[in-house]
Structure formats: structure tokens, C-alpha cells
Amino acid sequence: MQDLEPFLVGGEWRTGPAVLDVTDPYNGNTVGSVCLAGREDCNDALIAAEAGFMKMRSLPAYRRFECLMAMADYLEEHADEAAELIISEAGKPRQAAVGEVIRSVDVLRISAEEARRIGGEILPMDWTEGGEGRTGYLYRVPLGIILGITPFNFPLNLACHKLGPALAAGNACILKPASKTPFSALLLGETALAAGVPPEAVSILPCLPETAEAMVRDPRVSMVSFTGSPEVGWHLQAVAHTPQVGLELGGNAAVIVHEDADLAYAAARIVRGAFSYSGQACISVQRVLVHHAVYDEMRLLICERAASLVTGNPVAPETDVGPMISESAAIAAERKIQEAVEAGAICCTGGKRVGAVLQPTVLEHTKPAMAVNACELFAPGLTLTPYETWADAVAMAADTPYGLQAGIFTNDITRIREAVRGIPVGGLMVNDIPTFRMDHMPYGGTRHSGFGREGPRSAIQEMTEERLVVINRQGGC
């Protein structure tokens with residue numbers, strides 16, 4: 001990382017007069033400064049992307065495969081550098097940062113494999129008399145320019161989830177990373193150029209929100225793929241020129257633990273899902289619903305594990321829970337916890353804050369309307385609520401405007417089927433937490449959690465469109 005990091009416009013590294021300082025969330029020190037792209041730079045990126053798209057869509061599948069595999073190899077060779085960037089700019093504990101780099105390499109390799117699997121379908125036309133002598137061929141073509149907008153919490157992995165499938169499908173891609181974590185995405189731009197991707201096809205543009213919005217409104221953008229807050233996502237969907245918008249938004253994920261579950265295993269998974277990266281994931285465990293017969297035992301197991309987690313400096317290898325992305329974010333989460341306690345909730349463990357580090361917090365006796373339940377907390381906190389019947393638990397889990405993922409712990413197939421029907425989420429994890437995600441699986445939400453699906457294969461479907469060709473053999477073919 002340089003003292004003043006340039007941005008990437010269609011293969012050209014540029015600087016500019018506007019500069020953003022990036023700070024370490026743990027200690028507040030400046031870890032580097034990045035130049036911000038302006039309106040003219042973004043326009044140049046769009047011009048370059050138009051040319052890049054022409055090159056990408058002409059690349060055969062094996063060349064797209066080779067480029068993406070070379071990107072994966074390059075990133076793997078620079079894994080230590082990538083992990084250090086994630087630790088310093090995102091405040092992610094070392095173990096989690098290393099894991100994110102490994103996952104990012106996987107995303108690029110999965111995207112490479114999927115580049116060779118973009119198939120089609122043969123459609124006989126002779127179902128009725130008028131179609132005799134004709135054959136239809138249905139295949140997929142790339143959309144054009146993909147604008148990917150990514151959040152701070154997985155600055156490298158989610159950038160790979162935009163760029164990898166976009167290139168695999170034969171598109172050009174412009175990435176706008178989160179202002180708090182631009183360096184990981186810039187490293188990904190370096191990775192693409194080193195791997196031989198047509199340089200016009202990739203731009204990485206840290207920029208102001210209004211500059212990014214101008215690109216969203218631009219008719220040259222074929223698709224906007226956004227991951228972030230619901231407020232921003234729905235606004236961008238409303239102003240986008242293209243109808244092709246994918247939104248991966250927030251949630252307040254529920255977990256149901258029934259009396260037949262393996263309680264020790266469920267507690268271990270719940271604590272991991274609630275407090276990894278300080279709960280700053282849209283599928284972090286937030287609402288834990290426990291059958292009344294095992295409630296006291298589960299509360300003890302969860303609180304003991306939560307209290308044993310090591311908090312502090314993300315650089316230390318033993319740290320489980322580091323800082324939130326900023327002290328202001330930690331203060332906002334602390335305020336929600338305090339409001340819940342003032343309204344009658346009990347803090348079983350945690351609840352204290354030092355700077356940007358908020359202790360892993362477990363609350364009980366909360367009410368559904370409290371912000372710690374009704375809103376996305378996006379912090380290291382969970383609520384515990386007992387229930388009487390499975391139907392009660394399913395109804396409580398579904399009582400939210402969000403619908404990203406949920407988890408249930410039970411071994412009864414009837415209960416599992418009732419949960420599948422009764423909890424409107426994009427993904428239901430059985431005997432696991434909603435925080436579970438494999439990078440190749442279809443991923444996305446319903447209702448206020450957005451629409452569209454990610455995971456390379458699913459994203460490629462979103463970033464391409466079907467084209468039907470009907471050949472009339474009577475006319476000479």
C-alpha cells in the first residue's frame with residue numbers, strides 16, 4: 001500500500017485532488033490515504049468499460065477461465081498482504097481476515113469453473129403444426145457493464161462476488177468499494193491486471209456517494225449489483241436507469257432451538273454466528289428463540305461461551321471479537337442495548353464498550369418492538385426469548401420485514417417442513433445458524449432483505465440474459 005493510493009480506470013492507475021484518509025477501527029490511526037475518483041474519472045471508466053465489454057464478450061470461455069484462475073493464483077500468492085489490509089482497514093480479527101482471503105480465492109476459482117458452464121437449451125418448435133421445420137436455441141449472453149457496489153464488512157470477498165461472475169459471464173465491471181475499506185478492492189484490481197484480464201474491462205473507483213449515484217443513473221450501466229444497507233439499496237433501485245438491479249440488504253436473523261436439539265453444539269454455533277466480526281454481517285445471529293423446556297440450559301451455555309470470548313486488538317491471533325467499524329457505530333449499538341435495558345430487558349453478559357470495541361452482549365426479557373429485535377443490530381449482540389410451541393417459534397421468527405436467512409435446531413422432519421413453509425427467507429439452515437454460507441451456494445433474500453441471488457452460478461444468471469434463436473430449416477438451413 002502506497003502513502004497515497006491511486007484508483008483504477010480501465011487499466012490506468014490515476015490520482016486526483018480529492019483524498020480520503022482510511023483509519024484503523026481499533027486505534028483510530030490513519031492506515032493510508034486513497035484518491036477519490038471524480039465525475040470525469042467515472043465517465044472515463046464507463047467509456048473504457050464499453051470497449052472492455054466488447055473484448056470480454058469476444059473472449060472464449062477457456063480464456064475467461066484462464067484469467068480468473070490466474071487471478072485466484074495471484075491473490076493466493078499475495079494472501080498475507082490481503083489479510084493485513086483487511087485487518088487494518090476493516091478491523092477484522094486476524095483469523096477471520098485470513099479466512100476471508102481464502103474464501104475470496106475460492107470465489108474466483110468457482111467463477112472460473114462457472115465460466116465454462118454457461119450453457120443453453122434446444123427447444124423443438126414442432127409442438128403444433130405451425131412450428132414444423134423449426135428449431136429454437138436458447139442461450140445466455142452477457143449484459144454489458146456491471147456496476148458493483150460493496151460494503152465494508154467483507155471488503156475483498158464481496159468484491160470478488162461482483163467481479164468474478166461479471167468477468168466469467170463476459171461483462172465489464174466497475175467496482176465502487178466502501179469508503180472505509182477501499183484498499184482490498186484496489187488490490188483486486190491489481191490482481192485482475194496481473195492475470196491478463198482486458199484492462200478496459202475493470203475499474204475500481206473509490207468515490208463519494210453522489211458520484212456513485214451518478215453512475216447508477218447512467219444509461220450505459222447494464223446492471224447494478226449492490227450489497228449494503230436497505231436505505232441506500234432501495235434508494236439506488238429507485239433511481240437506477242437500468243431495471244437490472246440486484247440487492248443484498250440487511251436482516252435480523254432468527255434461530256430456533258427446540259428441546260430435541262444438541263444444545264451444546266447449537267450454543268457453540270450460535271455464539272460463533274452472533275459475535276464473529278463483531279456481529280457485522282447481514283446474516284449474523286440476532287434473535288434466538290429457545291423452547292421453554294431447555295431455555296435455562298441454553299441461556300447458561302450461550303452466556304458462558306460469550307463471556308469467554310477474547311476481545312480487543314484484531315492483530316492479536318487470540319482475539320475473537322475486535323472493534324466495530326467505527327466508534328460511532330459501537331456507540332449507536334450500545335445505545336440500542338441501553339434503551340432495551342431501560343425498557344425492562346436484562347443484560348446477561350457484556351453490554352460494555354471501550355472505544356470501538358463492544359463486548360459480546362446477551363439480552364433476555366426483550367420485546368419484539370425493541371430495536372435490538374425489530375431492527376438490524378449489526379453489532380455483537382443477541383436476544384434470548386423462550387417459546388411454548390413450535391408454531392409459536394415459527395411465527396416469532398417470521399415476524400419481521402426481513403427475509404435473508406434463518407436457522408433451526410431440531411431433528412423432527414415435520415417441524416422442519418413447517419419452518420420451510422412458515423419462515424419466508426432466502427435460505428433456511430437446518431441444525432445450523434443463518435450465518436452459514438458457502439461461496440458457491442445461491443444466496444439472497446426476500447422482502448426487505450432485497451432480491452436477486454449471488455454465488456457465482458446464480459450471479460452469472462443475473463448478469464446475463466436469455467436470447468432465443470429460431471432456425472427455419474425450410475428457408476435453407
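The values are calculated or read from the model by the stated rules, or taken from the named source; none is laboratory data. Quantities reported herein were computed from a predicted structural model and do not represent experimental measurements. With ideal geometry, Cβ positions are generated from the backbone for all residues, glycine too; neighbour counts draw on all protein chains shown. Each accessible area value is taken on the protein alone, full model and side chains, heavy atoms only, with ligands, DNA and RNA left out. Shrake-Rupley method; radii C 1.70, N 1.55, O 1.52, S 1.80 Å.
Observations on the model:
- Each 10 Å bin from zero holds the following percent of Cα-Cα pairs in segment 217-312: 15, 33, 21, 17, 12, 3.
- Net charge of neighbours whose Cβ lies under 13 Å from the Cβ of Pro177, counting Lys and Arg as +1 and Asp and Glu as -1: +1
- The lysines within cross-link reach of Lys55, meaning a Cα-to-Cα straight distance under 28 Å and a gap of 8 or more places when in the same chain, are Lys162, Lys176.
- Carbon/sulfur fraction of accessible area - segment 172-253, other protein chains in place, 1.4 Å, %: 57 percent
- Extension gain for Ile102 to Leu300 (0.36 nm times residue separation, less C-alpha to C-alpha distance): 67.9 nm.
- Seen from a random direction on average, the alpha-carbon convex hull of segment 93-175 projects onto 7.5 square nanometres.
- Rolling a 1.4 angstrom probe over the protein heavy atoms with all chains in place gives the chain an accessible area of 41 Å² per residue.
- For the peptides 205-214, 53-62, the ranking by packing is 205-214, 53-62, with the highest mean count of neighbouring Cβ atoms within 10 Å listed first.
- Summed side-chain charge close to Ala45 - residues other than Ala45 whose Cβ falls under 11 Å, Lys, Arg +1, Asp, Glu -1: -3
- Stokes-Einstein D (µm²/s) once Rh is taken as the Kirkwood radius of segment 67-128 over alpha-carbon pairs, at 10 °C in 1.306 mPa s: 115 µm²/s
- Interchain or long-range residues, amide H under 5 Å from Met429's placed H: Ala406, Gly407, Ile408
- Hydrodynamic radius (Kirkwood) for the chain, which is based on Cα pairs only, to one decimal in Å: 23.3 Å
- Accessible surface of segment 12-73, 1.4 Å probe: 50 percent of it comes from carbon and sulfur atoms.
- Environment charge at Met324 (Cβ cut-off 12 Å; Lys +1, Arg +1, Asp -1, Glu -1): +1
- For the chain, the longest principal axis of the Cα atoms and the long axis of helix 263-275 meet at an angle of about 60 degrees.
- Partners for Lys92 among aspartates and glutamates (Cα-Cα distance below 18 Å; same-chain residues under 8 apart left out): Asp24, Asp80, Glu81, Glu84, Glu100, Glu318, Asp320, Glu327
- Taking the alpha carbon gyration tensor of segment 116-273, multiplying each eigenvalue by 5 and rooting it gives semi-axes of 34, 28, 18 Å, largest first.
- Inter-centroid distance (Cα atoms) of segment 116-152 relative to segment 52-102, Å: 29 Å
- Cα gyration tensor category, rounded, prolate or oblate, for segment 20-111 with a/c compared to 1.5: oblate
- The Cα atoms of segment 353-477 define a convex hull whose projected area, averaged across directions, is 12.8 nm².
- Carbon plus sulfur fraction of accessible area for segment 303-351, probe 1.4 Å, in percent: 49 percent
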